[in-house]
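Below is one structure, written out as structure tokens, with a few remarks after it.
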Amino acid sequence: MTRTSATLHATCVVLGESGLLIRGPSGSGKTTLARDLLQAGPILPVFAALVGDDRIVVEARHGRLVARPHPALAGLIEIRGAGLQIVENTLPSAVLRLVVDLAETVPRMPEPARESVLLLGVRLPRIILPRDPARASTVLWRWRRPHGMMMAG
């Protein structure tokens with residue numbers, strides 16, 4: 001039987017109407033990327049909000065993945081060295097449209113098989129990014145691509 005929900009070590013933000021799930025090991029920059037995307041929202045201008053930081057509950061519903069913050073961390077973001085901080089602009093949930101995986105090394109040219117990921121039986125577009133200050137602009141570029149947010153079949 002396929003699981004319909006899971007708690008992931010991840011961060012989730014919303015840009016426009018699209019939920020972006022940011023995954024990576026501890027210290028890989030998930031929260032920093034989320035903060036950069038949240039700050040870019042008003043500049044674009046586009047709606048931007050935090051769903052959750054550090055632990056995200058993901059549930060498969062009607063062929064889509066819905067992300068929610070872990071109840072213990074709702075409305076909070078962890079700033080290294082400053083601890084948990086309250087975030088004003090939050091949402092209780094989001095439909096995921098893109099997975100961003102943060103990795104130590106990334107191939108120069110992505111393999112087509114790695115441009116999507118299957119989570120709880122739902123396939124989503126995926127990008128893999130290295131530790132790099134320009135990550136937010138790369139995520140925004142992918143988010144703005146017309147077919148970048150379409151559900152992969």
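Most tightly packed first, judged by the mean number of other beta-carbon atoms within 10 Å of their residues, the peptides 95-108, 48-61, 24-37, 69-82 read 48-61, 24-37, 95-108, 69-82. Computed over the alpha-carbon atoms, the chain gives an Rg to Rh ratio of 0.93, Rh here being the Kirkwood radius from the mean inverse distance.
Between R142, R114, R131, the Gaussian network model of the chain with springs among Cα atoms under 10 angstrom shows the greatest mean-square fluctuation at R114. With both labels modelled 7 Å from their Cα along Cα-to-Cβ, the R108 to T4 distance reads 4.7 nm.
When DSSP beta bridges are restricted to pairs lying wholly in the chain, around 75% turn out antiparallel.
Mind jotting down a quarter of the surface of the convex hull over the alpha carbons of the stretch 1-77, in square nanometres, one decimal? Could you put the intermediate results ahead of the total?
Working: hull surface 22.5 nm².
About 5.6 nm², averaged over all directions.
Between R123 and E88, the FRET efficiency estimated from the beta carbon spacing at R0 = 30 angstrom works out to 0.35.
Hey, can you find the accessible area per residue of the stretch 23-112 for me, probe 1.4 Å, expressed in square angstrom? Mind showing how you got there, number by number?
Details: 4970 Å² over 90 residues.
Accessible area per residue: 55 Å².
Overall, the accessible surface of the stretch 1-90 at a probe of 1.4 angstrom is composed of carbon and sulfur to the extent of 51 percent. Restricting attention to the stretch 39-128, close to 80% of DSSP beta bridges with both partner residues there are antiparallel.
The values are calculated or read from the model by the stated rules, or taken from the named source; none is laboratory data. Keep in mind that this is a model prediction, so the values were computed, not measured. Note that each Cβ is placed from the backbone with ideal geometry, even for glycine, and that neighbours are counted across all protein chains shown. Heavy atoms of the whole protein, side chains included, go into the accessibility calculation; ligands, DNA and RNA do not. Shrake-Rupley method; radii C 1.70, N 1.55, O 1.52, S 1.80 Å.
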